[in-house]
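Chemist: Quick one: the structure is below, questions incoming.
The values are calculated or read from the model by the stated rules, or taken from the named source; none is laboratory data. Computed from a prediction, not measured in an experiment: that's the story for all the values here. Quick reminder, even Gly has a Cβ in these numbers, built from the backbone with ideal geometry, and neighbours come from all protein chains shown.
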Amino acid sequence: MKTQLIAPLAVALGFAAAPAMSATIEYVEVQSPPPALQVETVQVAPAGQVWVPGYYDYKDGQYVWTAGHLEPQREGYVYVAPRYENGKYYVSRWDDDKKIKIKEKNGKIKIKEKG
């Protein structure tokens, strides 16, 4: 009896989770770049934590400030901050650190996918 209930339940949960996983938004087309970043005090991250700097998020047709905060470190992943490029606002994300190369030159940050 238990086996008969567990299998359908597992399948149902799998289908329920699939839309959430496939609904990832990479960028939003916008009319203008975000305002200048706000000045904030950066906290020293304790062990196992990562400081995520404040940023403007694009919601409901306008930019909304999200304050910097600490998040749990994700082993094997790197935080990629949101950015605006050619009318597209790319949302922040955690990405596999083997796939991303982050380079800073003359105050500009370049993000390049490896491979």
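Chemist: Looking only at the range 48-57, decide whether some residue is exposed (fewer than 12 other Cβ atoms within 10 Å of the Cβ), at pLDDT 90 or above and either at negative phi or assigned to a strand (DSSP E or B) (or both). Steps first, please.
Modeler: If we filter the range 48-57 for residues that are exposed (fewer than 12 other Cβ atoms within 10 Å of the Cβ), which is where we start, we get 48.
Restricting the remaining residues to those that are at pLDDT 90 or above gives 48.
Checking the rest, the ones that are also either at negative phi or assigned to a strand (DSSP E or B) (or both) come to none.
No, the range 48-57 contains no residue that is exposed (fewer than 12 other Cβ atoms within 10 Å of the Cβ), at pLDDT 90 or above and either at negative phi or assigned to a strand (DSSP E or B) (or both).
Chemist: Quick one: count up the residues across the range 67-82 that are out of contact with any Ser or Thr (no Cβ under 9 Å at 6 or more places or on another chain) and in a strand (DSSP E or B).
Modeler: Number of matching residues: 6.
Chemist: Continuing with the same structure: Looking at the range 35-60 only, could you name the residues that are out of contact with any Pro (no Cβ under 8 Å at 6 or more places or on another chain) and under 17 Å from residue 86 (Cα atoms)?
Modeler: 35, 36
Chemist: Give just the number: which of (1) at pLDDT below 90; (2) surrounded by 10 or more Cβ atoms within 10 Å (Cβ to Cβ) does residue 8 not satisfy?
Modeler: (2) is the only condition that residue 8 fails.
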